[in-house]
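Peer 1: Dropping a structure here in structure tokens format, bear with me for questions.
The values are calculated or read from the model by the stated rules, or taken from the named source; none is laboratory data. Predicted, not measured: the structure shown is a model, and the values here were computed from it. Using ideal geometry, Cβ is built from the backbone for each residue, glycine included, and neighbour counts are taken over all protein chains shown.
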Amino acid sequence: MLEAGRFDEAHALLSRARVLSPSTPLIHYRLGLLFNDIGRTAEALEALDTSLSLQPDNARAHNNRGSALQLLGRASEAEQAFQRALDLDPDLELPYINLGHLLEEQGKVRQATNLYERAIARGLDPTLFSHYLAAVSGKITHRAPDRWVSATFDNFAPTFDARLRSLGYNAPRKLAAIVRSHMDERLDVLDLGCGTGQCGLSLAQQKRYLVGVDLSEKMLGQARALGIYDELHLAELHTWMRGAAAARFDLVIAADVFIYIGLLGDLFQETVRNLRPGGWFAFSTEECGSADYMLRRTGRYAQSETYIRRLSELAFTVVVADPTIIRLESGKPLMGRLYLLQKQ
């Protein structure tokens, strides 16, 4: 129930289990995960503390305790909790990631770098931690590793939409409104990086046939539950598009997808092939200034308007290129741009 995001039912069952067996640490641990997912952070910390009083050597519980402490603004205690998780299980990935992010937020870049290097030396996924190293060091790479993207979203799938709402994120709705303002006919739509299905939901009244592609199986599970997609595919975007029939779609839409792909030339080429004559390409970007694209410390990419317009020249007309606030980042507006292109 917890994994499926059915939190009320999970809470009822775990609460009953706690009554039946109050000295079982796993029950309190699961309650801690549930409370973290639904934003009841103080209760999450209490449940995790109880679990650890019964089983002090549970590295995963210490890691999740660190996350709760961080959300409560208790950074030094969170750092100690993540470090305790690593001391108990140095082969566990998440404490390296969580502690690394915390150190970065505190400006301890050298310590974060050392931590990611330790993870690689330990034999943990080098593609995953190399991306974190690139982001923290200011190195520019072409795209985020598939494993980094899928791991990120699998972790957040049950509460992803609620988290984004709290950050003021509504790019799918904004893009859908732009699409509707330029076309009112029924469309065959390819939703790239469909996630939990927010773009599909926003276009449900206008779609004739809707295909979603994403790297995260758990995100696809959320999209499937909406019942609006005709096809859903677990795949890397470039690979799927190369295997798709040419000129199959009237609209390709990608909300908050290019933040995981810096170099966009191949994707633009495949979009041209996938679209029918006169077809539409709608997407959002985070905005950067002079460079074509850059990798931020968040691990996300930003592209410049100049770069997007240059990529569009050979096959597209730029119809819309509107600046917008994409979301809040550390409480501050993060600027981006919404695009609508038409295939020439």
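Peer 1: State which residue is farthest from residue 206 (Cα to Cα) when the search covers only the range 253-271 and only residues that are of a type in the set (Val, Ile, Thr) and touching a helix residue (DSSP H, G or I) at 6+ places or on another chain (Cβ under 9 Å).
Peer 2: To start, the set of residues in the range 253-271 that are of a type in the set (Val, Ile, Thr) comprises 253, 257, 259, 261, 271.
Keeping just the survivors that are touching a helix residue (DSSP H, G or I) at 6+ places or on another chain (Cβ under 9 Å) gives 253, 257, 261, 271.
Details: 253: 13, 257: 21, 261: 28, 271: 20 Å.
Of everything passing the filter in the range 253-271, 261 is farthest from residue 206 (Cα to Cα).
Peer 1: Please work out which residue is nearest to residue 79 (Cα to Cα), limiting yourself to the range 103-129 and to residues that are crowded, with 17+ Cβ neighbours inside 10 Å and within 18 Å of the chain's Cα centre (by Cα). Show your work before the answer.
Peer 2: Step one: of the range 103-129, the residues crowded, with 17+ Cβ neighbours inside 10 Å are 103-104, 112-113, 115-116, 119-120, 124, 128-129.
Narrowing the set further to residues that are within 18 Å of the chain's Cα centre (by Cα) leaves 128-129.
Working: 128: 21, 129: 19 Å.
By that ranking, first place goes to 129.
Peer 1: Considering each of 12, 68, 61 in turn, give the residue that is assigned to a helix (DSSP H, G or I) and within 25 Å of residue 120 (Cα to Cα).
Peer 2: 61 is the lone residue from the list that is assigned to a helix (DSSP H, G or I) and within 25 Å of residue 120 (Cα to Cα).
Peer 1: Here are the criteria: (1) more than 28 Å from residue 147 (Cα to Cα); (2) part of a helix (DSSP H, G or I). Tell me which single one residue 23 does not satisfy.
Peer 2: Just one mismatch for residue 23, condition (2).
Peer 1: Right, here's the next one. Can you name the residue in the range 38-70 that is in contact (Cβ under 8 Å) with a residue 24 or more places away in the chain and of a type in the set (Lys, Arg) and, of all such residues, is nearest to residue 24 (Cα to Cα)?
Peer 2: Top of the filtered list is 60.
Peer 1: Got a number for residues in the range 184-205 being part of a loop (DSSP other than H, G, I, E, B) and either within 13 Å of residue 249 (Cβ to Cβ) or aromatic (Phe, Trp, Tyr) (or both)?
Peer 2: 2
Peer 1: Here's another thing I want to ask about it. Just to be sure before I move on: is residue 59 of a type outside the set (Asp, Glu), more than 16 Å from residue 136 (Cβ to Cβ) and in contact with an Asp or Glu (Cβ under 6 Å, 6 or more places away or on another chain) in the structure I sent? Steps first, answer last, please.
Peer 2: Details: of a type outside the set (Asp, Glu): yes; more than 16 Å from residue 136 (Cβ to Cβ): yes; in contact with an Asp or Glu (Cβ under 6 Å, 6 or more places away or on another chain): yes.
Criteria met by residue 59.
Peer 1: Continuing with the same structure: Which of the strands (runs of 3 or more DSSP E) found entirely inside the range 262-344 contain at least 2 residues meeting this: more than 24 Å from the chain's Cα centre (by Cα) and modelled with pLDDT of 95 or more? Working first, answer last.
Peer 2: Details: elements: 275-286, 293-295, 301-303, 316-329, 332-343.
Because the criterion is at least 2 residues that are more than 24 Å from the chain's Cα centre (by Cα) and modelled with pLDDT of 95 or more, the strands (runs of 3 or more DSSP E) in the range 262-344 that meet it are 275-286, 316-329, 332-343.
Peer 1: Note down all Cβ pairs under 7 Å where the first residue falls in the range 328-344 and is outside the structural domain of residue 169 (by TED's automatic domain parsing), the second is part of a loop (DSSP other than H, G, I, E, B) and hydroxyl-bearing (Ser, Thr, Tyr), and they're at least six residues apart or on different chains.
Peer 2: Pairs that qualify, where the first residue is outside the structural domain of residue 169 (by TED's automatic domain parsing) and the partner is part of a loop (DSSP other than H, G, I, E, B) and hydroxyl-bearing (Ser, Thr, Tyr): there are none.
Peer 1: Separate question: Which residue, of 65, 74, is at pLDDT 95 or above, surrounded by fewer than 23 Cβ atoms within 10 Å (Cβ to Cβ) and closer than 19 Å to residue 37 by Cα? Write out each step before concluding.
Peer 2: Numbers: 65 fails: surrounded by fewer than 23 Cβ atoms within 10 Å (Cβ to Cβ).
The unique qualifying residue is 74.
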